[in-house]
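Accompanying notes for the structure given below.
The values are calculated or read from the model by the stated rules, or taken from the named source; none is laboratory data. Predicted model only: the values in this text are computed from it and were never measured. Cβ atoms come from the backbone with ideal geometry, glycine included; neighbour counts cover every protein chain shown. For accessibility, only protein heavy atoms count, side chains too; no ligands or nucleic acids. Shrake-Rupley method; radii C 1.70, N 1.55, O 1.52, S 1.80 Å.
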Amino acid sequence: MELKESDNLAVSPDSFFNCIWRVVPRFRGFQQQDAHEFMRYLLDRLHSELLELAAVENAKRTKQTIVTKMFGGMLQSVVHCLVCGGKSVKFDPILDLSIDIPDRFVSRNCKKDGPACNLNDCLKSFTETEELEETELYFCNHCKERKKSTKKFSIRRLPRVLCLHLKRFRWNLHCRTKLDTWVQFPLQGLCMNEYLVASEQNRQQDFIYDLAALIVHHGSGSGCGHYTAYGRHDGDWFHFNDSSVTLCSEQIVAKSRAYILVYVRSNH
């Protein structure tokens, strides 16, 4: 069914929804669930089942599926000991990036007419070098004990489809609260080069992404509210709200308080 001819109706995902209920008991019922947790479980489960299917159909063992080919990237973390200068480098596969909204944009003392937060502020904060807290001290193999150290994340390999999760929910002393800070994000031309590990391969190309979809959480807390989504189809943007699908403008999309952003590489 073509979206433009749907007359505000959506294709029902009932069969998909019922399948999730059968295999994942925690998502049964109609209580509030976290969209990011659901997305991660869905991708992880799909990846693992495709691996099992591939093992049955082929004698060869494989670690790649359509999930990792489209969403899979690689994160690099470097920990430096501030005493001896030694370092530890680790690599972790990723299917998405969870990034914080910098504190300077969510402080109660921040002026309302101050600078707006944008997506690059969040990405720069994620990749900045930070000194680890006393409770997170790195065990230095050279010093043979836990020492003060710094840690830095970089992206070693970017995926074809880049999912960015803005961490809008935080725990305080008593409960989990929501950050309603508006984060500016580009609809087109997101350049990720400065967040990549400086390698010869990465320097030979640009990594440019265009927004394909986003998820918005409406409500004041993590245990209540409602999720809607925006998606781009044939150059037009549509708002998905339960069974209703409506055409909307780029301006409306750009003003939304995104929770999850889905970018697709445009120059691959």
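Over the chain, average the accessible area per residue using a 1.4 Å probe and give it in Å², no decimals. Mind showing how you got there, number by number?
Working: 16660 Å² over 268 residues.
Per-residue value: 62 Å².
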Here, trypsin sites (Lys or Arg not before Pro) of the stretch 158-196 satisfying both criteria (DSSP loop; at most 14 other Cβ within 10 Å) are ARG160
So ARG104 and SER15, fully extended at 0.36 nm per residue minus their Cα-Cα distance, gain in nm 27.6 nm
The alpha-carbon pair-distance distribution computed for the stretch 151-231, with 5 angstrom bins and whole-percent values, is 3, 11, 18, 17, 16, 14, 11, 6, 3, 1
If one builds a Gaussian network model of the chain from Cα atoms under 10 Å apart, the most fluctuating residue listed among ASN193, ASN120, ASN172 is ASN172
Rounded to the nearest 10 degrees, the helix 14-23 long axis (Cα) sits at an angle to the longest Cα principal axis of the chain of 40
Expressed as a whole-number percentage, the relative contact order of the stretch 141-206 with C-alpha contacts under 8 angstrom and at least six residues apart is 31
Dividing the helical contributions, -39500 (n - 2.57) per DSSP H run of n ≥ 4, by the residues of the chain yields a 222 nm value, nearest 500 deg cm²/dmol, of -6000 deg cm²/dmol
In the stretch 182-241 the accessible area split gives carbon plus sulfur, as whole percent at 1.4 Å, a share of 47
Rounded to the nearest 10 Å², the accessible area of GLU134 using a 1.4 Å probe with every protein chain kept is 120
In this structure, among LYS69/LYS167; LYS167/LYS255; LYS87/LYS148, pairs with alpha-carbon gaps over 23 Å are LYS69/LYS167
The chain, Gaussian network, Cα under 10 Å: of HIS217, HIS165, HIS47, the residue fluctuating most is HIS47
Among ALA229, ALA116, ALA213, the residue with the largest mean-square fluctuation in a Gaussian network model of the chain built from Cα contacts under 10 Å is ALA116
Whole-percent tail of the Cα-Cα distance distribution for the chain, cut at 24 Å, equals 60
Contour minus Cα-Cα span, ARG146 to GLN184, at 0.36 nm per residue, comes to 9.7 nm
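Which of rounded, prolate or oblate describes the stretch 125-187 when judged by the alpha-carbon gyration tensor and an a/c cut-off of 1.5?
Details: a/c = 3.12, a/b = 1.42, b/c = 2.20.
Oblate shape, in that a/c is at least 1.5 and b/c is the bigger or equal ratio.
Order the following by accessible area, largest value first: THR65, THR246, THR135. Probe radius 1.4 Å; ligands, DNA and RNA are ignored. Before the final figure, lay out the partial values.
Working: THR65 10, THR246 50, THR135 135 Å².
Greatest to least solvent exposure: THR135, THR246, THR65.
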